[in-house]
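Undergrad: Pasting a structure below so you can have a look.
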Amino acid sequence: MKCELTDPRVADLVENRSNAQSLANDGQIRCRLKEYLRTLYSKDPETVILDELGLRHGYSRIDLAVVNGSLHGFEIKSDRDTLRRLARQAETYNKVLDFVTLVTGQYHADRALSATPEWWGIQVAQGGSDEGIRLVEVRKPSQNPGLDKLAIVRLLWRDEAVSLLEDLGAADGVRSRPRRFVYSRLADVMELDALRAHVRSCLTCRRDWRSDSRPMSYGG
């Protein structure tokens, strides 16, 4: 999808990037973004911020995810990264996440709009190791128009999905079958909005994450 670079803030960022004394790396942007999100949701104890949330059973991971009344993913592409993997990552993000924001360094600011769907938000990180990182919002995120129920179901662990099917009286015939049958049944019998709400509840209530999962951080 092509999008003209008409936002003057982007033009200024592109013009000034050659004068930057240092390039922001992933760790610096991540630290600043987490600080921003924790401040933003500090008065909302229901919000959970997750590091490296696995999607499609870990096939893809979103750098940060905010879980509350929606599931908002933040993908970081620092000045030292490339955008080569972004299209493949987006195929998964676009099926699962209610909102997505790309947080990019100044180096990628001019490509960010054309490299992402129009409903993605974009923030540009200014600064580097010798100065503080400043996040500039170039485009606000809007609601994902193309959620996929089966992809959302796969955010659940198998036992969570079976338990939900039991509650719905729809577990017969799939309890002992491979997880793909469990997920398919759940996607068939549950409405999208109810499924989204249940998945968010599971994500915020989990305490015993698998060893390959990162710890959660709570708002406030």
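Undergrad: Scan segment 162-220 residue by residue and report those that are charged (D, E, K, R), in contact with a strand residue (DSSP E or B) (Cβ under 6 Å, 6 or more places away or on another chain) and at pLDDT below 95. Lay out the reasoning, then the answer.
TA: Filtering segment 162-220 for residues charged (D, E, K, R) gives 166-167, 172, 175, 177, 179-180, 185, 188, 191, 193, 196, 200, 206-208, 210, 212, 214.
The next check asks that each one be in contact with a strand residue (DSSP E or B) (Cβ under 6 Å, 6 or more places away or on another chain); those that pass are 200, 214.
Of everything in segment 162-220, just one residue is charged (D, E, K, R), in contact with a strand residue (DSSP E or B) (Cβ under 6 Å, 6 or more places away or on another chain) and at pLDDT below 95, namely Arg214.
Undergrad: Here's something else I'd like to know. Scan segment 57-75 and tell me whether some residue there is hydroxyl-bearing (Ser, Thr, Tyr), farther than 16 Å from Cys202 by Cβ, open to solvent by 20 Å² or more (accessible area, probe 1.4 Å) and out of contact with any Pro (no Cβ under 6 Å at 6 or more places or on another chain).
TA: yes
Undergrad: Let me ask something else about it. From the residues in segment 1-45 that are touching a Phe, Trp or Tyr at 6+ places or on another chain (Cβ under 8 Å) and outside any helix (DSSP H, G or I), which one is modelled with the lowest pLDDT?
TA: Leu23
The values are calculated or read from the model by the stated rules, or taken from the named source; none is laboratory data. Note that this is a predicted model, so its numbers are computed, not measured. When we count neighbours, we look across all protein chains shown, and the Cβ atoms used for this are built from the backbone with ideal geometry, even at glycine. The accessibility values were calculated without ligands, DNA or RNA, using every heavy atom of the protein model including side chains. Shrake-Rupley method; radii C 1.70, N 1.55, O 1.52, S 1.80 Å.
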